[in-house]
Amino acid sequence: MTNITIRELKPEDLDEYFQYLIENFHGHEPLLLTPGDHNFEPDTPERRASRLAVIKQGLSLVAVDDGGRIVASAYSEAKVPDDFEKTWREVNENKPTAFIDHVYFFLAGIEKRSKLFERFEVSNVLYLNILSVGKTVRQQGLGRRLVSAVIELARSKGFPLIAVSCTSLYSTRIMSALGMTSIHSENYSEYKDEDGNVVIKPPEPHTSVNIMAMKL
């Protein structure tokens, strides 16, 4: 087995990280496996600027092999109550038309409706946005190992809570095994466009999004 080391995701990793996501995440994320041509461009200047701002918080981790190549990642950031409200306002500025707009609208709504901060009475949280394990190292427990490292990082930074939006059954199982509980869940089939059509149709067994959380 390849020797795997977990370390901080750093700004100088940005180019490699985007390439890693293109090869190992975007074609495997359940939401994006909805049938159809979605014309989604994963690498844009806007996405790079947004990702870089999060990376600079020093709360994201990557797993690298013995050659230093990124093989898995846990992209995390600090969030406060207004972040959910800000995202919700932004996605509501325009009516969703493109598929990816619907995805952002759906996820922002779930986060808002979870009432995460009110439920736990906290003012900040470490939020795990993307957990991804590369194709060559799957089924080796690396996802669980990464999340465990993120939990310890959150504790060391004094966060009272860790949370994540699980878009797949597999990530939900990982979080549950590590002590997180589901505080809000919505089925993909419940989200429909103005004509009443189900928009997001991931393959089985991914049927819902679960907001998972754990006090630290």
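No other residue among Val103, Val147, Val122 is over 21 Å from Leu32 (Cα atoms) and in a helix (DSSP H, G or I) apart from Val147.
Taking Lys86 as the residue in question, decide whether it is within 18 Å of the chain's Cα centre (by Cα) and without any contact (Cβ under 8 Å) to a residue 12 or more places away in the chain. Judged against the criteria, Lys86 is a match.
Contact annotation: residue pairs with Cβ atoms under 7 Å, 6 or more positions apart or on different chains, pairing a residue in segment 166-192 that is outside any strand (DSSP E or B) with a partner that is modelled with pLDDT of 95 or more and among the charged types (D, E, K, R), are Ile174/Arg144; Ala177/Arg144; Leu178/Arg144; Tyr188/Lys201.
Screening segment 46-74 for residues that are polar (S, T, N, Q), touching a residue at least 12 places away in the same chain (Cβ under 8 Å) and not in a strand (DSSP E or B) and picking the one that is surrounded by the fewest Cβ atoms within 10 Å (Cβ to Cβ) gives Gln57.
Answer with yes or no whether Arg47 is at pLDDT 95 or above and of a type outside the set (A, V, I, L, M, F, W, C).
Numbers: at pLDDT 95 or above: no; of a type outside the set (A, V, I, L, M, F, W, C): yes.
So Arg47 fails the test.
Filter segment 155-164 for residues that are closer than 17 Å to Glu118 by Cα and either more than 20 Å from the chain's Cα centre (by Cα) or part of a strand (DSSP E or B) (or both) and give the result. Listed by number, the residues that qualify are Leu161, Ile162, Ala163, Val164.
Quick grid of which residues meet (1) at positive phi; (2) assigned to a helix (DSSP H, G or I); (3) at pLDDT 95 or above:
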position	(1), (2), (3)
Asp15	no, yes, yes
Gly27	no, no, no
Leu31	no, yes, no
Glu41	no, no, no
Ala78	no, no, yes
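The values are calculated or read from the model by the stated rules, or taken from the named source; none is laboratory data. Keep in mind that what you see is a predicted model, and the values were worked out from it rather than measured. So basically every Cβ, Gly included, is an ideal-geometry build from the backbone, and we count neighbours across all protein chains shown.
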